[in-house]
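Down below is the structure, laid out as structure tokens.
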Amino acid sequence: MADSGSEEIAVIGNTDLTPSESENNLKNTMVEKGTSLLKKMEISVAEAEKRTGKNAVNMQETYTVYLIETRPVDAASEGTNPVPDSLWRRYSEFELLRNYLLVAYPFVVVPPLPEKRAEFVWHKLTADNMDPDFVERRRVGLENFLLRVASHPVLSTDKIFYSFLTEENGWKETVFETGFQAKADSRLKALNATFRVKNPDKRFAEMKHYGDELQSVISQLLRVRARAADRLYGVYKVHGNYGRVFSEWSAIEKEMGDGLQSAGHHMDAYAASVDDILEEEEHYADQLKEYLFYADAVRAVCRKHELTQFELEMAAQDLISKKQQREELATGTVRTFSLKGMTSKLFGQETPEQREAKLKMLETQIEEGEELVKERKTECNEYVKSAWVDIERFKEQKDHDLREALISYAIMQISMCKKGIQVWNNAKECFSKM
């Protein structure tokens, strides 16, 4: 499901994470490495509740909160059924959690949140984010988000995520203390890297393009489905007219009256059934929407790689420039046009002492530059390795989920058609008895 309408914070990844901080992220665990939290804890979003209160600017607002319940898996296996621990969270807190995860784990395809407001709606479906049916679908989506994170081999071990599930008070302060907002990459910085990187990894470039294409085809599929839902709703409701006409007809017939009345009842039931059918369809649409928004998460991982590669290239380019300056200073020759060369011609050459001081400074800068390039190479290689492992995990998950969703949707359509055939078979039986 999706995260749309997030707060204005760029969450492409964290370029300011030092190697030690990256290591801390991996050590920042509540469970053993390689064991997901979902194997230790049952997690659910049990219910939603509408509340009214004052916002940050002291204005009255109505909002929805969601009840998160957790209990140890061991308790269920031992036959006991303790009262689950529970706490309430707003949608904005789920957004804050996801934004933190995006920055802390830029190499992970972070699961998306369900949509903040309904998209790809058909005419009968309201876009009101306070509508009970929409709130219920969002509750399911938020639970799915938590289960996705809790089953992820890396994200599930994060202490901030664990405290989100278990500590109602003080959680926000703990998140902000991590300083993740200051470490988030700006969108402008990422865009600059996209256009200026010279040697992007072909795999990531192709995956980024795939994310664009995936989002496009799922968007088209959801639009087609919304149009089909509109038509289907109309066809079903028109069958209610059969029921009305058969009922009116039955009133003027003696021999055929009962048969017509019964057939009319079947048509009325058929017309009324469309509401439940299309509500069930919305759940399948939500499964598709999850991967519509997953496409953004995939592209975020690829953009982060572009940024990492760009920073490596810039460090290497700066090092080459420094070495060239050292050579020019040592030999007294300038290979390319420069302001420095013009200045030397106009005002004379530098003294040996000045040249020696500059050479010494350049030697120091070159040593630092070589160390920086080495660090950037290591960071880039580690990022590629970690990110590609998670992308492969995501691709396997995506293939399985979308296959199952499409099969289930096809089965539902077949069942719906069979019910339509059954209605007309029942009507035929009614007519036969007249």
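For the set LYS322, LYS385, the ranking by accessible area, highest first and with no ligand, DNA or RNA atoms included, is LYS385, LYS322 under a 1.4 Å probe.
Counting only protein chains, not ligands or nucleic acids, how are ASP286, ASP296 ordered by accessible area (probe 1.4 Å), most first? Provide the component values of the computation, followed by the final result.
Working: ASP286 10, ASP296 60 Å².
If we order ASP286, ASP296 from most to least accessible, we get ASP296, ASP286.
Using the structure shown, list the pairs from LYS54/LYS116; LYS198/LYS395; LYS159/LYS304; LYS116/LYS172 with a Cα-Cα distance above 25 Å, or answer none. Violating the 25 Å limit, Cα to Cα: LYS198/LYS395.
Across the range 87-99, coupling constants 3J(HN,Hα) worked out from phi with the 6.51/-1.76/1.60 Karplus curve, θ = phi - 60°, read 7, 9, 9, 8, 4, 4, 6, 4, 4, 4, 4, 5, 4 Hz, and Gly and Pro carry x.
Taking 0.36 nm per residue of sequence separation and removing the Cα-Cα distance, the LYS198/THR364 pair yields an extension gain of 57.0 nm.
Between LYS159 and ILE252, what's the calculated FRET efficiency when r is the beta-carbon distance and R0 is 45 Å? Round to 0.05. Can you show the working numbers first?
Numbers: r = 76 Å, r/R0 = 1.69.
It comes to 0.05.
For ALA182 and HIS209, the difference between the fully extended length at 0.36 nm per residue and the C-alpha to C-alpha distance is 6.8 nm.
Roughly speaking, what is the stretch gain from LYS237 to ASP131, that is 0.36 nm per residue apart minus the C-alpha to C-alpha distance, in nm to one decimal?
On the way: separation 106, 0.36 × 106 = 38.16 nm, distance 2.26 nm.
Roughly 35.9 nm would be gained on extension.
Rolling a 1.4 Å probe over the protein chains gives THR52 an accessible area of about 90 Å². Computed from backbone phi, the HN-Hα couplings of the range 154-166 come to 9, 4, 5, 8, 6, 5, 5, 5, 5, 5, 4, 7, 10 Hz, rounded to whole numbers (Karplus: 6.51 cos²θ - 1.76 cosθ + 1.60, θ = phi - 60°; Gly and Pro given as x). In order along the range 393-398, the Karplus-derived 3J(HN,Hα) couplings, from 6.51 cos²θ - 1.76 cosθ + 1.60 at θ = phi - 60°, round to 4, 4, 4, 5, 4, 4 Hz, and Gly and Pro are given as x.
Just to make sure I understand: if all protein chains stay in place, what is the order of LYS360, LYS419 by accessible area at 1.4 Å, largest first? Show your work: numbers first, answer last.
Details: LYS360 150, LYS419 120 Å².
Largest accessible area first, the list is LYS360, LYS419.
What FRET efficiency comes out for the pair LYS385/SER219, r = Cβ-Cβ distance, R0 = 30 Å, nearest 0.05? Show your work: numbers first, answer last.
On the way: r = 32 Å, r/R0 = 1.07.
The calculated FRET efficiency here is 0.40.
The values are calculated or read from the model by the stated rules, or taken from the named source; none is laboratory data. Everything numeric here is computed off the predicted structure, so don't read it as measured data. Note that each Cβ is placed from the backbone with ideal geometry, even for glycine, and that neighbours are counted across all protein chains shown. Ligands, DNA and RNA are stripped out before the accessible areas are found, and what is left, the full protein with its side chains, is counted by its heavy atoms. Shrake-Rupley method; radii C 1.70, N 1.55, O 1.52, S 1.80 Å.
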